[in-house]
Each structure stands twice: as structure tokens, then as C-alpha cells.
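The values are calculated or read from the model by the stated rules, or taken from the named source; none is laboratory data. As the structure is a computational prediction, the values presented were derived from the model and not from experiment. Neighbour counts run over all protein chains shown; Cβ positions are idealised from the backbone, glycine included. With ligands, DNA and RNA removed, areas are computed over all heavy atoms of the protein, side chains included. Shrake-Rupley method; radii C 1.70, N 1.55, O 1.52, S 1.80 Å.
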Amino acid sequence: MGKTAIGPLALLTLLLAAPLQAEDDRRDFWSIHGGFAYVWDDHAFNDFDASNVASYLGGTWGFAPEPFADWLGVEAEFGLTPTDGSWQGRDWSAASASTYFSAYWGRERLYLKFRGGLAANYVDVEGVTDSDVGIAAGVGLGFKLFDQPLELHVTSIDSNINTVTLHWRF
């Protein structure tokens with residue numbers, strides 16, 4: 001699949017989501033997030049080296065469509081690695097556009113969040129590029145710090161690429 005897979009998935013997500021946006025703002029949010037991405041293989045953490053991870057930045061738009069229970073939501077997320085990571089001695093970078101169904105368990109001040117959906121990913125390993133669309137899933141911990149909503153996420157955006165990110169919601 002060509003590297004154009006991210007654009008159509010992102011556009012489709014926004015077109016389908018816009019008419020579904022709920023009037024209730026309990027689950028309506030924007031967020032920016034940062035953290036790191038790493039390639040998962042059998043030796044991912046045996047000989048941990050900080051050069052194996054790449055920084056990861058992105059943004060998310062979440063909302064709760066009218067027919068959904070207040071503990072369910074839909075999210076569109078975009079992210080990329082502004083710095084390269086290293087995998088088996090080769091530099092790599094990635095970009096991703098994802099759509100998720102999300103479920104919340106807990107209260108506003110402290111909750112668990114589960115997400116599952118589809119991600120279109122573009123990966124560059126030392127000039128060799130590839131893209132695909134696949135399953136994405138993750139778990140997060142939401143909390144308030146000085147009345148600022150934050151979420152800490154661990155997400156698999158590809159079968160081999162995972163992210164750990166802190167989301168600042170507004």
C-alpha cells in the first residue's frame with residue numbers, strides 16, 4: 001500500500017465524526033501528547049538503549065456521539081516521530097493516523113481508558129518506506145493534576161510499533 005493511506009483514513013474519520021458530535025461536553029476534548037515510540041521485538045527491553053526509542057508527538061480529538069452511553073467515545077488521533085529511533089542498527093521514523101472506540105471506567109478525577117480501532121501507519125527505515133493499515137489498541141490512566149485533565153497512554157499503533165505518551169486534554 002502506498003504512503004497515501006494516512007490521508008484518506010484521517011479525512012474519512014473527520015467526515016464521519018463531524019455530524020455525530022454530541023452537545024454534551026463530558027467526553028468532548030482535544031489533546032496534544034508527547035512521549036516516545038519504540039519497536040517491539042523479542043529483545044525490546046533485554047539490552048535497553050535509549051537510542052532505540054524515538055520521540056513521539058501528536059494530537060487527538062475525542063467526542064461522545066449522542067446514542068453512546070456516557071462512558072463510550074470515539075477518537076481520531078495523529079502522531080509522528082520528530083526524532084529517529086534505532087532498530088537493529090538502522091534509523092527509523094514513523095507517522096500514524098488512527099481512529100478508536102474508547103471506553104472509560106472510573107470517575108472524572110481518576111479513570112482507566114481502553115481504546116481499540118484502526119491505524120494507518122507510514123514507516124521509514126533508512127530510506128526504505130512502507131505503509132499499512134491495521135489494528136491499534138491501548139490502555140490509559142486518566143487523572144487530574146491541579147485541575148488539568150491528563151492521560152497516560154500505552155498504545156500499540158502497529159504490530160511492531162508502540163508508544164508511551166502523556167496527553168494534555170483541553
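Overview of results
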{"item": "For segment 60-168, Kirkwood radius (reciprocal of mean inverse C-alpha pair distance, Å)", "result": "15.0"}
{"item": "Directionally averaged shadow of segment 73-112, computed from the convex hull of its alpha-carbon atoms, nm²", "result": "4.5"}
{"item": "Inter-part distance where segment 85-127 and segment 49-73 are each reduced to a Cα centre, Å", "result": "8"}
{"item": "Simple Cβ-charge dipole of segment 45-162, Lys/Arg +1 and Asp/Glu -1, about Cα centre, in debye nearest 20", "result": "500"}
{"item": "Å² of accessible area per residue within segment 87-152, as computed with a 1.4 Å probe and no ligands counted", "result": "55"}
{"item": "Kirkwood-type radius of segment 126-170, with distances r between different C-alpha atoms, in Å", "result": "12.4"}
